[in-house]
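One structure below.
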Amino acid sequence: MTTLAATLIGVGGTLGGTLGGAVLSQRVTREQNRRADRERAEDRHERAQETRRDLYARLNTAARAYRAAARDAVLAAERGENVEPAALDTAKEAWSEEYSQAQMALAKDVLEVASTLNRALGVGYSIVKQLPSSPEPQRSYGRARDWFSGPLSDGVYLLQVTLRQDLGVEVEPDFEATRLQMLAALDSARRNLEHLLASEQTHGARSA
């Protein structure tokens with residue numbers, strides 16, 4: 001009996017040790033898998049964030065360059081210099097390319113700002129193109145300067161701050177109210193300018 005008991009104890013100990021080792025090994029494997037999953041998820045998140053940061057940086061740069069090119073064209077025309085359209089057209093195309101790509105990736109509130117700015121930039125482009133045929137050049141120059149240094153400048157700034165807020169670079173608790181207020185002001189100014197330009201074109205056509 002003693003020998004049998006010793007044998008059973010030995011077998012039980014061996015089996016227990018084997019089973020315990022297997023359970024421990026499974027736990028270690030599961031923990032390693034979970035850790036690997038977390039690392040892969042963090043890596044995917046970081047890559048997505050990096051892609052978004054790059055997109056936002058390009059979009060912001062393109063908007064600023066477009067506004068600057070249009071403003072420079074207005075100042076050059078006012079000084080009586082020959083305006084080279086290539087610089088403005090290049091800036092316009094660069095913005096259009098970045099905006100087109102951003103439309104597929106921007107969050108709703110960010111897209112709202114970018115879309116409103118896109119329309120405002122388009123009106124600014126029209127202003128510059130109509131300067132040579134304006135019946136009242138000085139008034140047109142003044143209006144163009146006011147547009148690019150006022151509402152459109154505010155719009156470009158709004159895009160920049162909105163992008164930084166979305167990335168978490170800046171966190172302003174009351175920003176949403178500010179964003180909506182600035183967005184409404186830009187859209188209203190753009191519509192008023194469009195109506196004014198359309199009215200002048202109609203009047204000019206009738207006069208001709």
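Brief remarks follow.
- To the nearest 10, the accessible area of R52 is 70 Å² with a 1.4 Å probe.
- Positive dipole terminus of the stretch 53-136, leading residue within V128, A77, Y56 (C-beta point charges): Y56
- Summarising the label geometry, the points placed 7 Å from Cα in the beta-carbon direction at S199 and R119 lie 1.9 nm from one another.
- Proximal charge balance of A86 [Cβ under 11 Å; K/R count +1, D/E count -1]: -2
- Charge context of L55, other residues only, Cβ under 12 angstrom, K/R +1, D/E -1: -2
- Derived scalar couplings ³J(HN,Hα) [the stretch 144-161; Karplus, 6.51 cos²θ - 1.76 cosθ + 1.60; whole Hz; x for Gly, Pro]: 5, 4, 4, 5, 6, 8, x, x, 5, 4, 5, x, 5, 5, 4, 4, 4, 5
- For the peptides 120-128, 77-85, the ranking by mean Cβ contacts within 10 Å, running from highest to lowest, is 120-128, 77-85.
- Stretched out straight at 0.36 nm per residue, the stretch from S149 to S100 would grow longer than its current Cα-Cα span by 15.1 nm.
- Other residues lying with their Cβ under 11 Å from the Cβ of R143 contribute a combined charge of -1, Lys and Arg counting +1, Asp and Glu -1.
- Scaled to the globular estimate 2.2 N^0.38 Å, the Cα spread of the stretch 60-208, given as radius of gyration, is 1.11.
- For R53 and L180, a Förster radius of 22 Å and the Cβ-Cβ distance give a FRET efficiency of 0.35, rounded to the nearest 0.05.
- Here the calculated FRET efficiency for R79 and S188, from their Cβ-Cβ distance with R0 = 25 Å, stands at 0.20, rounded to the nearest 0.05.
The values are calculated or read from the model by the stated rules, or taken from the named source; none is laboratory data. All of these numbers come straight from a predicted model, not from anything done at the bench. Cβ coordinates were reconstructed from backbone atoms using ideal geometry, including for glycine residues, and neighbour counts include every protein chain displayed. Surface areas here come from the heavy atoms of the whole protein model, side chains and all, with no ligands, DNA or RNA. Shrake-Rupley method; radii C 1.70, N 1.55, O 1.52, S 1.80 Å.
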